[in-house]
1. From ALA164, ALA160, which residue is surrounded by 23 or more Cβ atoms within 10 Å (Cβ to Cβ), more than 26 Å from VAL294 (Cα to Cα) and not β-branched (Val, Ile, Thr)?
2. So for the stretch 268-289 (the condition being more than 28 Å from GLN13 (Cβ to Cβ), among the basic types (Lys, Arg) and either modelled with pLDDT under 95 or touching a Leu at 6+ places or on another chain (Cβ under 8 Å) (or both)), does at least one residue qualify?
3. List pairs: first in the stretch 143-172 and farther than 17 Å from PRO191 by Cα and without any contact (Cβ under 8 Å) to a residue 12 or more places away in the chain, second in a helix (DSSP H, G or I) and among the hydroxyl-bearing types (Ser, Thr, Tyr), Cβ under 9 Å, 6+ apart or cross-chain?
4. Is it the case that some residue within the stretch 88-108 is within 30 Å of GLY378 (Cβ to Cβ) and without any contact (Cβ under 8 Å) to a residue 40 or more places away in the chain?
5. Enumerate the helices (runs of 4 or more DSSP H) found wholly within the stretch 270-356, keeping only those where 1 or more residues are more than 18 Å from GLY260 (Cα to Cα), touching a strand residue (DSSP E or B) at 6+ places or on another chain (Cβ under 9 Å) and among the β-branched types (Val, Ile, Thr).
6. Out of LEU120, LEU114, which single residue is crowded, with 22+ Cβ neighbours inside 10 Å, at negative phi, modelled with pLDDT of 95 or more and not in a helix (DSSP H, G or I)?
7. Six or more apart or on different chains, Cβ atoms under 8 Å: show the pairs whose first residue is in the stretch 275-287 and farther than 12 Å from ILE4 by Cα and of a type in the set (Val, Ile, Thr) and whose second is at pLDDT 95 or above and not in a loop (DSSP other than H, G, I, E, B).
Amino acid sequence: MLRISQYLREVAQAERTGRYPAAPATRARAGGPRPVVIWNLTRRCNLTCKHCYALSADHAYPGELDEAQMLAVLDDLKAYGVPALILSGGEPLLSPHLWAVARRARELGFHLGLSTNGTLIDAAMADRIASHGFDYVGISLDGLRETHDRFRRLEGAFDASLAALRMLQGRGLNVGMRYTLTAMNAQDFAPLLELMRAERIGKFYFSHLNYAGRGNIHRARDARFAATREAMDRLFQAAWSAAWNAEPAEYVSGNNDADGVYLLRWVQARWPEWAAPLRERLVAWGGNASGVGVANIDNLGHVHPDTMWWHHDLGDVRERPFSAIWEDRGDALMDGLKRKPRPLQGRCAACPQQAICGGNTRVRAQQVTGNAWAEDPGCYLEDAELGIEHEMA
């Protein structure tokens, strides 16, 4: 995830003071950093969204972890040093174990997020969510009313999700909008940014379409690169406006780490004197975090490098602790993901910017070519922009 607002606030501070701010102090952890864990508590969902990576439906899925098993996993995650959990689904509000897991996670001191479609949240449910102390609740909006309802395949979904955002925000919760760009909803991106500002929503998460689950089925409709660049320009401008005016709104993007390189070029074109220190920050970020800074546990207890890798199983928390699975580099994919640099091939191997993007999204390369280390077909920058040189014939 690229924290666009964080970097543009630093640029804004540099513009005001004439000096780029010092990097925040960090403490190196023995054995390396621990991942944020996205945990799909259940695969059951009341919706069947067009771009769902979990291919969820509204029925029970046999073999899901029971409450005692989930609580045991929590203890292992805490002992291992995992800093944050995002509870997801399916629709996590349909999990009978959500509240026990949330309560125990708060007791253990995790930073706790909830990812929901919002359609099941009424006043009573909003009260219950607030009482469990979630640090953040993200709700997906794929467009304005007509577009969103079509994506979610439910009439009234947009109104229910927007009402949920308002109710949760009214109870003092930190809430955010989540949006995935495709060719089918690109026209609603600018209006959604306006809606975010009008509703004073604290965070906007912009996701590129990734090739997994139903998103893989619809990959031929992914927004083309020109539309992607136009959307990123708009997102960067919104984040810059908030940063320059000292507004608290957060803008982030995910599922295409070329965004970091594009942000550097965007800043360089406007404030070239701050490009070098920004590049240092972006290299420290390092881009794609699959298998390193982010992990996934699915509803059956299987561990994956992230939520888009459900077709690649690293192990079962019923059989081995998450900590042991995550540290095991006997799996060729995990070994490659944890290497620096990664064993990239093709255009990505030749790219001078891989220190920023980390080779971008490996699952997209794997889904298109069958090779996880091939060049990422979702990189929307030209060779000349990246600094890739071609030998003369």
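1. On the way: ALA160 fails: surrounded by 23 or more Cβ atoms within 10 Å (Cβ to Cβ).
ALA164 is the lone residue from the list that is surrounded by 23 or more Cβ atoms within 10 Å (Cβ to Cβ), more than 26 Å from VAL294 (Cα to Cα) and not β-branched (Val, Ile, Thr).
2. Initial filter on the stretch 268-289 (more than 28 Å from GLN13 (Cβ to Cβ)): none.
No, every residue in the stretch 268-289 fails to be more than 28 Å from GLN13 (Cβ to Cβ), among the basic types (Lys, Arg) and either modelled with pLDDT under 95 or touching a Leu at 6+ places or on another chain (Cβ under 8 Å) (or both).
3. none
4. no
5. Values: elements: 275-285, 322-327, 332-338, 346-350.
So the answer is 322-327.
6. Working: LEU120 fails: crowded, with 22+ Cβ neighbours inside 10 Å.
Checking each option against the conditions leaves just LEU114.
7. Listed pairs, sorted by first residue: VAL283/ALA355; VAL283/ILE356.
Residue by residue, here is whether (1) aromatic (Phe, Trp, Tyr); (2) surrounded by fewer than 24 Cβ atoms within 10 Å (Cβ to Cβ) holds:
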{"site": "GLU280", "(1), (2)": "no, yes"}
{"site": "TRP285", "(1), (2)": "yes, yes"}
{"site": "ALA289", "(1), (2)": "no, yes"}
{"site": "VAL294", "(1), (2)": "no, yes"}
{"site": "ILE297", "(1), (2)": "no, no"}
{"site": "GLY301", "(1), (2)": "no, yes"}
{"site": "HIS311", "(1), (2)": "no, yes"}
{"site": "ASP316", "(1), (2)": "no, yes"}
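The values are calculated or read from the model by the stated rules, or taken from the named source; none is laboratory data. Here the structure is a predicted model, which means the values were calculated and not measured. No Cβ is skipped: glycine too gets one built from the backbone with ideal geometry, and neighbour counts run over all protein chains shown.
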